Amino acid sequence: MRVDIGNALAAVAQPGVDRNSLGSLDDRVGRAHDRIERGIDDREFGYAALGLPAEADPGAIREAVTPVEDSEAVLTVGIGGSALGAATLTEALVPERFHGVLDNVDPAHTNRLLADLPLAETAVHVVSRSGTTAETLANFLVVREAFEEAGVDWTQRTVVTTGESGPLRDLADDQGLPALDVPEGVPGRFSVLSSVGLVPAAIHGVDVEAVLEGGRAGREALAPSLFDSPAYAYGAVAHALEVRGAATNVMMPYEERLESFAEWFAQLWAESLGKDGLGQTPVRALGATDQHSQLQLYRAGRHDGLVTFVRARERPGCPIPQTDVEALSYLGGTDLGDLLDAEFEATEASLAAADRPSVRIEVDRLDAAGVGELLYGLEAACVLAGELAGVETFTQPAVEWGKRAARGLLGGGDFEEADAVAGKERLTVDADSDGSDRD
């Protein structure tokens with residue numbers, strides 16, 4: 001992985017990082033790196049995630065998925081970090097076999113997805129650390145019923161990843177389901193390089209050892225200087241730009257296969273760094289598509305954002321045929337990849353010309369090792385940014401509040417957070433109202 005921060009410097013953009021201030025920023029990076037290394041070595045909560053490439057057991061994963069390795073489709077049932085990593089790896093590495101995940105409880109979406117899947121040839125990977133996640137367990141119950149109604153034995157098509165104890169672990173033990181452990185001390189959004197994210201890819205025949213090898217390359221690239229570590233260069237500059245007013249961070253991969261990656265990044269960045277009134281708001285975009293839908297804002301709107309470009313330096317070709325239309329003759333004989341690269345370079349230059357900061361992240365190619373290195377690099381960048389901001393990177397108290405409120409509303413316990421729903425302030429505008437309830 002390589003990172004170019006040139007267009008985030010103050011000589012190019014506002015907000016921007018003055019080149020002379022990089023030295024003091026680098027001193028802070030060095031101290032943060034020492035803290036991160038201690039956390040990894042001691043397997044402290046959260047920091048343990050950055051040790052996963054060396055600790056994950058691909059043999060155990062392959063053994064667990066052996067009963068379903070003939071599957072045409074894989075359905076991951078989870079939510080947040082229990083699903084986004086799996087979606088990212090599958091879409092990036094075997095996009096032709098990516099059918100989506102069940103990570104929402106939208107009835108229409110669930111019904112449509114199950115109706116479209118060849119259930120007799122579908123493997124189910126259900127993921128919940130606690131084994132009690134309401135959305136995941138509700139969807140899994142619906143999936144089980146759909147398999148039973150189709151005459152398919154769901155116990156022969158299901159792999160479980162969960163904690164050492166809990167209802168899902170009990171179910172796996174009772175039914176003899178292949179079961180893998182959620183790694184200890186690793187928040188879900190940092191768990192992609194473990195069984196949580198690797199199982200669906202393994203079922204599809206992805207070389208999970210190569211994914212982990214890419215992660216290990218990312219680990220080896222960490223160094224006590226932003227000038228020697230691409231991941232730290234990105235995390236440090238993103239933090240420095242936030243301090244200077246870049247309140248948003250647009251993740252814009254120039255690869256269709258990285259669309260789920262942008263969603264994965266959004267959770268990683270928002271849930272980890274959105275604390276104590278701090279944190280950049282991540283925005284998902286896709287190049288070149290969103291040049292035509294969002295770039296107007298990024299180039300001419302408020303000076304309050306960073307655009308992060310991601311691409312692979314090598315990609316498959318798709319020649320553009322010659323044409324007799326004179327106005328289009330410049331396209332004939334080139335390649336869609338050439339056009340995408342030109343769009344990338346032009347968009348990057350257009351932001352710089354408008355004094356808007358951007359950072360370029362590149363991998364050699366979107367193969368298993370390249371994707372593993374990219375995912376690890378962004379995780380390390382996020383941890384570094386959290387260290388520099390002084391926030392509790394690995395917690396998510398605001399998310400837990402909402403979970404307790406929802407569970408209380410559904411009768412899953414007595415939670416005071418649920419009482420807040422009844423106190424909602426209302427001022428409703430209804431096209432069918434006669435206005436009689438207006439205060």
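Given the options Thr110, Thr76, Thr66, name the one that is polar (S, T, N, Q), touching a helix residue (DSSP H, G or I) at 6+ places or on another chain (Cβ under 8 Å) and under 22 Å from Val182 (Cα atoms). I'd like the intermediate steps shown before the answer.
Working: Thr110 fails: under 22 Å from Val182 (Cα atoms); Thr66 fails: touching a helix residue (DSSP H, G or I) at 6+ places or on another chain (Cβ under 8 Å).
Matching residue, one of Thr110, Thr76, Thr66: Thr76.
So which helices (runs of 4 or more DSSP H) stay within segment 185-267 end to end and still have 1 or more residues that are polar (S, T, N, Q)?
Details: elements: 195-203, 208-220, 230-243.
Here the list reads 195-203.
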Check: If Leu374 satisfies every condition in (1) within 22 Å of Arg219 (Cα to Cα); (2) in contact with a Lys or Arg (Cβ under 9 Å, 6 or more places away or on another chain); (3) not polar (S, T, N, Q) but one, which is the exception?
Finding: (2)
Checklist line | Identity of the residue in segment 95-131, at pLDDT below 95 and small (Gly, Ala, Ser), that ends up surrounded by the most Cβ atoms within 10 Å (Cβ to Cβ) | finding: Gly131
Next item on the list: Mind listing just one residue for me: the one in segment 38-78 that is over 18 Å from Val208 (Cβ atoms), in contact (Cβ under 8 Å) with a residue 40 or more places away in the chain and out of contact with any Gly (no Cβ under 9 Å at 6 or more places or on another chain) and, of those, surrounded by the fewest Cβ atoms within 10 Å (Cβ to Cβ)?
Entry: Glu72
Item checked: Selection count where residues are without any contact (Cβ under 8 Å) to a residue 60 or more places away in the chain, in contact with a helix residue (DSSP H, G or I) (Cβ under 8 Å, 6 or more places away or on another chain) and part of a helix (DSSP H, G or I), scope segment 338-394 -> 1
Notebook entry, point to check: When segment 251-262 is examined, which residues are found to be surrounded by fewer than 23 Cβ atoms within 10 Å (Cβ to Cβ) and within 17 Å of Ala381 (Cβ to Cβ)?
Noted result: Ala262
Note to self: For segment 45-77, give me each residue that is more than 30 Å from Ala389 (Cα to Cα) and part of a loop (DSSP other than H, G, I, E, B).
What the structure shows: Asp57, Glu69, Asp70, Ser71, Glu72
Next item on the list: Read through the list (1) touching a residue at least 24 places away in the same chain (Cβ under 8 Å); (2) outside any loop (DSSP other than H, G, I, E, B); (3) under 20 Å from the mean Cα position of the chain (by Cα), then give the number of the only condition that His99 fails.
Entry: (2)
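Rundown of residues vs (1) at pLDDT 80 or above; (2) β-branched (Val, Ile, Thr); (3) surrounded by fewer than 20 Cβ atoms within 10 Å (Cβ to Cβ); (4) more than 30 Å from Pro53 (Cβ to Cβ), yes/no style:
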| residue | (1), (2), (3), (4) |
| --- | --- |
| Pro357 | yes, no, no, yes |
| Glu362 | yes, no, yes, no |
| Tyr376 | yes, no, no, no |
| Glu425 | yes, no, yes, yes |
| Ser433 | no, no, yes, yes |
Next item on the list: Would you check if Val127 is on the phi < 0 side of the Ramachandran plot, in contact with a Ser or Thr (Cβ under 6 Å, 6 or more places away or on another chain) and not in a helix (DSSP H, G or I)?
Entry: yes
Next item on the list: Could you please let me know if Ala240 is buried (at least 19 other Cβ atoms within 10 Å of the Cβ), in contact (Cβ under 8 Å) with a residue 40 or more places away in the chain, not basic (Lys, Arg) and not assigned by TED's automatic domain parsing to the domain that holds Val68?
Entry: yes
Next item on the list: Determine, yes or no, whether Phe394 is touching a Gly at 6+ places or on another chain (Cβ under 9 Å), closer than 24 Å to Gly80 by Cβ and modelled with pLDDT under 95.
Entry: no
Note to self: Filter segment 13-44 down to the residues that are in a loop (DSSP other than H, G, I, E, B) and among the charged types (D, E, K, R) and list them by number.
What the structure shows: Asp18, Asp42, Arg43, Glu44
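When you go through Arg35, Arg28 one by one, which is the residue that is buried (at least 16 other Cβ atoms within 10 Å of the Cβ), assigned by TED's automatic domain parsing to the domain that holds Ala349, closer than 24 Å to Arg244 by Cβ and basic (Lys, Arg)?
On the way: Arg35 fails: buried (at least 16 other Cβ atoms within 10 Å of the Cβ).
Within the list Arg35, Arg28, the selection yields Arg28.
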Margin query: Six or more apart or on different chains, Cβ atoms under 8 Å: show the pairs whose first residue is in segment 257-282 and without any contact (Cβ under 8 Å) to a residue 60 or more places away in the chain and whose second is hydroxyl-bearing (Ser, Thr, Tyr).
Written below: Ala270/Thr281; Gln280/Thr248; Thr281/Thr248; Pro282/Thr248
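The values are calculated or read from the model by the stated rules, or taken from the named source; none is laboratory data. Model, not experiment: these values are computed from the prediction. For neighbour counting, all protein chains shown are included, and Cβ atoms are generated from backbone atoms with ideal geometry for every residue, glycine included.
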